[in-house]
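Values quoted throughout were computed directly from the atomic coordinates according to the rules given, and no laboratory measurement underlies them. Keep in mind that what you see is a predicted model, and the values were worked out from it rather than measured. Positions of Cβ are backbone-derived with ideal geometry, glycine not excepted, and every protein chain shown enters the neighbour counts.
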Amino acid sequence: MFKELIISIVIIISIFSLDMFTQNYTEKSVERITEQFSNLKKYISDDNAENIQNTIKNIDDDWEKIHDKLAYYIEHDELEKVDTAIITMKSYIESKDYSSAIAELDEGKFVLEHIQEKNSFNLQNIF
């Protein structure tokens, strides 16, 4: 009986610690990408072509790294929505359709914040 209790406690502690780790990683990742989205939106408003291209490159690089890790524990449909928003935003910027690019940035930011809320540990998500 004692052995089963110890094993159960270890499993519960492992589950909670892994959940906290993934939640922290998700929060930091979403924060970093949304900050870059906000910077890109500012650069688009200022019509600063050099900063726009640098920021797009940074977003691509960061998202590629983050996507690979988030794919282990987040639904792929949610991540594909962010991928689609980034690709569409890049094509709008290349065609100089800045208002549509900003709309895609906002959509990508919304989906990222939704992912963060959906995977957070709170009473609403438990029940």
>> Through the Karplus equation 6.51 cos²θ - 1.76 cosθ + 1.60, θ set to phi - 60°, convert the phi angles of region 39-54 into ³J(HN,Hα) values in whole Hz; use x for Gly and Pro.
In response: 5, 5, 4, 5, 5, 5, 5, 7, 6, 9, 4, 5, 5, 4, 5, 5
> Can you tell which of SER91, VAL111, PHE21 lies farthest toward the positive end of the dipole of region 2-120, using +1 and -1 charges on the Cβ of basic and acidic side chains (Lys, Arg; Asp, Glu)?
Replying inline: PHE21
> What do you get for Rg/Rh over the chain if you use C-alpha atoms and the Kirkwood form of Rh?
Replying inline: 1.14
>> Taking the Cα centre as origin and putting +1 on Lys and Arg beta-carbons and -1 on Asp and Glu beta-carbons, what dipole magnitude results for the chain, to the nearest 20 debye?
In response: 380
> Past the 19 Å Cα-Cα mark, which pairs from LYS41/LYS109; LYS57/LYS118; LYS69/LYS118; LYS28/LYS65; LYS42/LYS65; LYS42/LYS118?
Replying inline: LYS57/LYS118; LYS42/LYS65; LYS42/LYS118
